[in-house]
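The values are calculated or read from the model by the stated rules, or taken from the named source; none is laboratory data. Quick caveat, the model's predicted, so the values are computed rather than measured. Because the Cβ atoms are built from the backbone with ideal geometry, glycine has one as well, and the counts that use them run over all protein chains shown.
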Amino acid sequence: MKILKLLFFLICLFTSVNLFAQQTPTVTISVKNAPLETVLAQIKKQTGISFFYDKEILATAGKITVQAEKADPQTVLNQCLKNTPVTYTVVGNIIVLANKNSKKNEDGTLKLNNNLFSQATVHGTVYNIHGTRLNGATAIVKRTRQGTNADENGEFVLDNVRTNDTLRISYMGYGTEELPVAAQNEFNIQLKETTNELDAVEVQAYGTTTKRLAIGEISQVNAHDIERQPVTNPLLALKAMVPGLLISPTSGYSNAPVKVEIRGRTSIDPTSISDPLYVIDGVPLVQSNIGAFQSSSYKNGSTGLQQAGITYSGGQSPFANINPDDIESISVLKDAAATAMYGSRAGNGVIIITTKKGKTGETKIVATAGERISRVIGHYDMLNTSQYLQMRREALMNDGLSPTVANAPDLALWDTNRNTDWQKQLWKSARSTFAQAAISGGSELTTFRVSGRYSAAKDVAPLSDLNTNKSANVSFNLDHHSANHKLTVLVSATYGYNSVNQITNGLASTLAPSLPPIYDDKGNLNYADWNNAGIGFSFPFASLLQPSRSSTDLLNSSFRVGYQVISGLNVSVLLGYNLGLNNNNTITPIASQNPLFAPTGQAYFGNSKTNGWNITPQIDYNRYIGKGKLTAIIGANLNSTTASGVTTFGFGYTSDNLLKSVNNAAFSSTNQSNSQSKYVDVHGSLNYNWADKYIVEVSGNYDGSSNFGPGRQFGAFGVVGASWIATEEKWLRSALPSWVSLVKLKASYGTTGQYPNVAYQYLSQWASTPAAFGTPLYSYNGVVPLVPIHAVNQDYHWETDKELNMAMDLGFVNDRYSIHAAVYRKRSNNQLALIPTPIFTGFPNVQGNSQANVQNSGLELSLNARLIDAKDFTWQANIFFSHNENKLLAFPGIQYTSYYTTQLVGKSLNTVYLLHYKGVDPQTGQRSYEDRNKDGIILQGNTLPGGAGDDRVTAIDLSPKFETSMVNRFNYKGISLDVQFSYRKMMALIPSTGAAGVFNANVPLDVFNNHWQKPGDISPYPRFTTLSSDGYFDKSDGAYTDGSYLRLQNVAISYSLPVGR
């Protein structure tokens, strides 16, 4: 027996042929009633394959008859042993014959005597296809699950490895390789980047992970999807691409703020924004709210980099200063497990933007230039002049009036044959031109990337030539490693400049088609025709000569240095800095005003500055303990942010040439706002991955903020989560169909928080004016008095949000098809909010902790499929779905707050409470509403919605019911086609809610064709009247309709030229 063991060892030691590899020689054999040993000898002679067996086993096989021509050895063996008691198993590079009744392992393979196998130490080096050594690659022995990490040179050493073992080599973002050891003790392993979405790298808090291993809920949109979207703001590329994320532009201007909401509204305070924490290359982006005139709010989102002045766009999104083509990925962190290490700053989620880095290889230059055309593809179907004038005559008749110059200049004075489609005249197509270039490359030790972009765009807006948006961007990234790969230095910087000119005129669709021309014969605004009618104050085109200009600079930079102390232990520190500057002015020239009133010019000037710096030291440690891998992170963050804004109002200008400077104004008034806050935290996480089967993670954050008063400055937040990759269980794997490749379950529960965006509300602040641009107090004996400008509360404290998340991942056909489903519940209590107070206290509100308890719960789905994966043609499809339910769970004492008339416990915070519209009264032609208490009076808004004395009986939730989208990507040779559809189910206001028949108020054709005209008419629209609306309709359910839409979100087609060889 010892001789047999020695023989088996020698065979394993010197055999280097992989039995069933593609290079294995074929077998041609024809024998009849021959001994099995004879057949094996012929197979060995033709292929070089060695066999290990006991002579007694051969005798039980009997005589063998087999015939094969150029067949693979496995097929020949199966034929030989088909009707015999003999079976075989492959061990490394040899074949072992045994009796079919021999003992078997759990997975069904033959149980061999382990004493037959020798033990040795193996050494390996792991590379990628570019030759870069993969520091931190994982090498484990598949049998024992014992493993180690590759060192800074990509090298690893494993002891006590048997010749029958298999090594499993993996690295995040790369495909896994499994290698039989056999007699080999030196390995050079090249890993290829994965094409499996479940194993692709995802950026998470202070690190990276994959969908397969992640505990938290993370959705990532990569460069390919961002580049294919025709957007200038990269946030808009996320629209309908991330389940649970709602992206809503606040206006049609390309630089305007974008409202972002992750998993629903959490605060009852209408002044609280829903924006998440933004992190760009590890640096938190400053988001302040000190604007005196245009402030951030839940409805309009954050004003961004504009913290002073007035602009038509309502703010300046900082992301309008970032080139979408410089972005490698955008990760959206949605639950407590994903965001806990960001602590209180992550109460609304986190969006991490990672810019592109250079890659090892030859230096590449990529240049792109193009022109885009934007246009309105549809117009409202409004009345022409004939129909409009007919409507006006009928309205006057219904009101018992005769047309005069005073009440109907459109009928009695102006040209009744003039017919202008104002939508077509004012809303023009817009052209945008851009050019960009990037140079990148580098060696194994140093890579770099430098890019630049210039864009000159026009917005689809009134007279688009006057609505321009010019921008310039520069990006730089440098990644350097020392020769021994222990030291890493990463430098990243992005700079963007944005210059915007805007005008506005939102009345284009409702202007009467018979209005006189905009300009007179001299090119001046045509006030004369309006003055002749005595209504010069109603001239609708003054805004066309009242431009708003804004210029913005944004710098974001980071410097990171890291050092690998020993294999698995890394220390690093990141230094970050960002700076945002905004200068804007909005003018009211004399030329835009009615000359009848001898006007003077006016101007608003705004200057904002926001900046912040952060220092983030971190220690990462990972090692194998038992059959699992322990990963630990501990770090800290020190962050300081400041914001300042100065708004100056100048008036009394005697010449339009003087409007560019406030120094030329006859009078001026200035408001200045400042904010400064500091934030510090200690954060950490522990993750233990046992055999890629059971994963447990604990993470947390201990925060401190200067925005709270003494004794309340610190708060602790944490989360615990676990996942079970069930398909790694042998008992379940054997029970499942072979086409099921992944079953994963995960759950987490934890807390996050919020801290106030407004600093130092616990301290009394004083000024010489009681409000922004208020009248300065009179001095007394030369002393200027001061008054408090806000209520003081020293007791407000950290808000704590509790979140439960459960999810399941399924993979089919080697993960070619995958499904991710997540359900969640988030509860927000002790909310930091501006609490309304009686005005007789001197202030309308005070910073505090609201007792409102708000819950968001929902379902998110992602389906991914590689439907066709052929050599020349591929088709990949993604479907996303999200549904969120918002509910005010409880609000003790709500009856003592102003929310008593606008919110109901058990309903969504976005619910509006409305009168019930009964339709048009057939006898009077007027709109009618339900009088709930039959008292003959329509009452609204003075008490509990739907309560005694309130006729609001209808509740409509304006939150989207669900959102879904489908993305298809087709590739045929060098041609790529991306098609994206999105659908949102929601309620919305109807386009027209006012009365029909009012002067200079055009209406849709449907209203004209279906309005009430005589008693007995059953009509959806009321009679024409020159009077304004009854004041009830826009506060009734009649003003709302199904606002759901199906949108072709994007179509992108491209062709890549063949690369020469």
- [ ] Those residues that are of a type outside the set (A, V, I, L, M, F, W, C) and touching a Ser or Thr at 6+ places or on another chain (Cβ under 7 Å), I need them from segment 579-607; list them, please.
- [x] Gly580, Asn582, Asn583, Asn584, Thr586, Thr600, Gly601, Gln602, Tyr604, Gly606
Open item on the list: The conditions are (1) free of Cβ contacts under 8 Å to residues at least 24 places away in the same chain; (2) closer than 30 Å to Thr647 by Cα, and Lys522 fails exactly one of them. Which is it?
Closed with: (2)
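Residues checked against (1) exposed (fewer than 15 other Cβ atoms within 10 Å of the Cβ); (2) of a type in the set (Val, Ile, Thr); (3) assigned to a strand (DSSP E or B):
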site	(1), (2), (3)
Arg712	no, no, no
Ala716	no, no, yes
Ala722	no, no, yes
Ser734	yes, no, no
Val743	no, yes, yes
Tyr749	no, no, yes
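Restricting attention to segment 434-483, and to residues there that are among the β-branched types (Val, Ile, Thr) and assigned to a strand (DSSP E or B), which single residue is surrounded by the most Cβ atoms within 10 Å (Cβ to Cβ)?
Quick first cut of segment 434-483, residues among the β-branched types (Val, Ile, Thr) only: 439, 446-447, 450, 460, 468, 474.
Now restrict to residues that are assigned to a strand (DSSP E or B): 439, 446-447, 450, 468, 474.
Numbers: Ile439: 15, Thr446: 14, Thr447: 21, Val450: 14, Thr468: 18, Val474: 16.
Step by step, filter segment 434-483, then rank; the result is Thr447.
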Task: Hits in segment 646-663 - residues which are without any contact (Cβ under 8 Å) to a residue 12 or more places away in the chain and within 20 Å of Thr311 (Cα to Cα) - done: Ser661
Task: Selection from segment 888-900 of residues that are surrounded by fewer than 19 Cβ atoms within 10 Å (Cβ to Cβ) and on the phi < 0 side of the Ramachandran plot - done: Leu889, Ala890, Pro892, Gln895, Tyr896, Thr897, Ser898, Tyr900
Open item on the list: From the list Ser982, Ser976, Ser959, Ser965, exactly one residue is polar (S, T, N, Q), in contact (Cβ under 8 Å) with a residue 60 or more places away in the chain and in contact with a Gly (Cβ under 8 Å, 6 or more places away or on another chain). Which is it?
Closed with: Ser959
Task: Qualifying residues in segment 1028-1043 (those that are under 38 Å from the mean Cα position of the chain (by Cα) and among the small types (Gly, Ala, Ser)) - the one nearest to Glu963 (Cα to Cα) - done: Gly1043
- [ ] Would you point out the residue of segment 545-566, among those that are crowded, with 19+ Cβ neighbours inside 10 Å and within 30 Å of Tyr624 (Cα to Cα), that is modelled with the lowest pLDDT?
- [x] Gln564
- [ ] Tally the residues that are in a loop (DSSP other than H, G, I, E, B) and either at pLDDT 95 or above or under 13 Å from Ile590 (Cβ atoms) (or both), restricting the search to segment 650-664.
- [x] 3
TODO: Working only within segment 781-838, note down all residues that are small (Gly, Ala, Ser) and either farther than 17 Å from Ala852 by Cβ or out of contact with any strand residue (DSSP E or B) (no Cβ under 9 Å at 6 or more places or on another chain) (or both).
DONE: Gly782, Ala791, Ala807, Gly811, Ser818, Ala821, Ala822
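Residue by residue, here is whether (1) over 30 Å from Tyr577 (Cβ atoms); (2) free of Cβ contacts under 8 Å to residues at least 24 places away in the same chain holds:
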{"site": "Ala395", "(1), (2)": "yes, no"}
{"site": "Ser402", "(1), (2)": "yes, yes"}
{"site": "Thr447", "(1), (2)": "no, no"}
{"site": "Lys458", "(1), (2)": "yes, no"}
{"site": "His480", "(1), (2)": "no, no"}
{"site": "Val491", "(1), (2)": "no, no"}
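Look through segment 923-946, keep the residues that are in a loop (DSSP other than H, G, I, E, B) and among the charged types (D, E, K, R), and return whichever of them is surrounded by the most Cβ atoms within 10 Å (Cβ to Cβ). Give the steps one after another, and end with the answer.
To start, the set of residues in segment 923-946 that are in a loop (DSSP other than H, G, I, E, B) comprises 923-926, 930-946.
Subset that is among the charged types (D, E, K, R): 930-932, 934-935.
On the way: Glu930: 16, Asp931: 15, Arg932: 18, Lys934: 7, Asp935: 10.
Here the residue is Arg932.
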Open item on the list: It is to be established whether one or more residues within segment 983-991 are closer than 30 Å to Leu511 by Cα and over 28 Å from the mean Cα position of the chain (by Cα).
Closed with: yes
TODO: Output the strands (runs of 3 or more DSSP E) that fall wholly within segment 962-1027 and possess 2 or more residues being under 30 Å from Arg927 (Cα atoms), or say none.
DONE: 987-989
Task: Residues (in contact (Cβ under 8 Å) with a residue 40 or more places away in the chain, in contact with an Asp or Glu (Cβ under 8 Å, 6 or more places away or on another chain) and in a loop (DSSP other than H, G, I, E, B)) located in segment 297-319 - done: Ser302
Open item on the list: Can you find, within segment 664-707, the residue that is surrounded by the most Cβ atoms within 10 Å (Cβ to Cβ) among those that are more than 30 Å from Ala726 (Cα to Cα) and of a type in the set (D, E, K, R)?
Closed with: Asp681
- [ ] Answer yes if at least one residue in segment 358-366 is crowded, with 19+ Cβ neighbours inside 10 Å and under 32 Å from the mean Cα position of the chain (by Cα), and no otherwise.
- [x] yes
Task: Set Ser514, Ser455: member being small (Gly, Ala, Ser), within 30 Å of Phe999 (Cα to Cα) and not assigned by TED's automatic domain parsing to the domain that holds Arg133 - done: Ser514
Task: Any chance Gly452 is closer than 29 Å to Arg549 by Cα and under 34 Å from the mean Cα position of the chain (by Cα) - done: yes
TODO: State all residues of segment 1034-1055 that are out of contact with any Phe, Trp or Tyr (no Cβ under 6 Å at 6 or more places or on another chain) and over 30 Å from Arg228 (Cα atoms); if no residue qualifies, say none.
DONE: Asp1034, Lys1035, Tyr1040, Thr1041, Asp1042
TODO: Would you check if Leu596 is under 30 Å from Gly534 (Cβ atoms) and out of contact with any strand residue (DSSP E or B) (no Cβ under 6 Å at 6 or more places or on another chain)?
DONE: yes
Open item on the list: Condition first: surrounded by 21 or more Cβ atoms within 10 Å (Cβ to Cβ), in contact with a Gly (Cβ under 7 Å, 6 or more places away or on another chain) and not β-branched (Val, Ile, Thr). Can you find one or more residues in segment 138-147 that meet it?
Closed with: yes
TODO: Go through the residues of segment 56-71 one by one and say whether even a single one is of a type in the set (Asp, Glu) and either surrounded by 14 or more Cβ atoms within 10 Å (Cβ to Cβ) or in contact with a His (Cβ under 9 Å, 6 or more places away or on another chain) (or both).
DONE: no
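If I go through segment 173-182 residue by residue, how many of them are surrounded by 19 or more Cβ atoms within 10 Å (Cβ to Cβ) and either modelled with pLDDT of 90 or more or not in a strand (DSSP E or B) (or both)?
Number of matching residues: 2.
Considering only residues of segment 419-433 that are of a type outside the set (D, E, K, R) and farther than 24 Å from Pro513 by Cα, which is surrounded by the most Cβ atoms within 10 Å (Cβ to Cβ)? Outline the logic, then answer.
From segment 419-433, those of a type outside the set (D, E, K, R) are 419-420, 422-423, 425-427, 429-430, 432-433; that's our starting set.
Of the ones still in play, those that are also farther than 24 Å from Pro513 by Cα are 432-433.
Numbers: Ser432: 19, Thr433: 13.
If we take residues in segment 419-433 being of a type outside the set (D, E, K, R) and farther than 24 Å from Pro513 by Cα, then Ser432 is surrounded by the most Cβ atoms within 10 Å (Cβ to Cβ).
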Task: Number of the exception - Ser992 against (1) of a type in the set (S, T, N, Q); (2) surrounded by fewer than 19 Cβ atoms within 10 Å (Cβ to Cβ); (3) within 22 Å of Val912 (Cβ to Cβ) - done: (2)
Task: Identity of the residue in segment 502-541, buried (at least 17 other Cβ atoms within 10 Å of the Cβ) and part of a strand (DSSP E or B), that ends up modelled with the highest pLDDT - done: Leu525
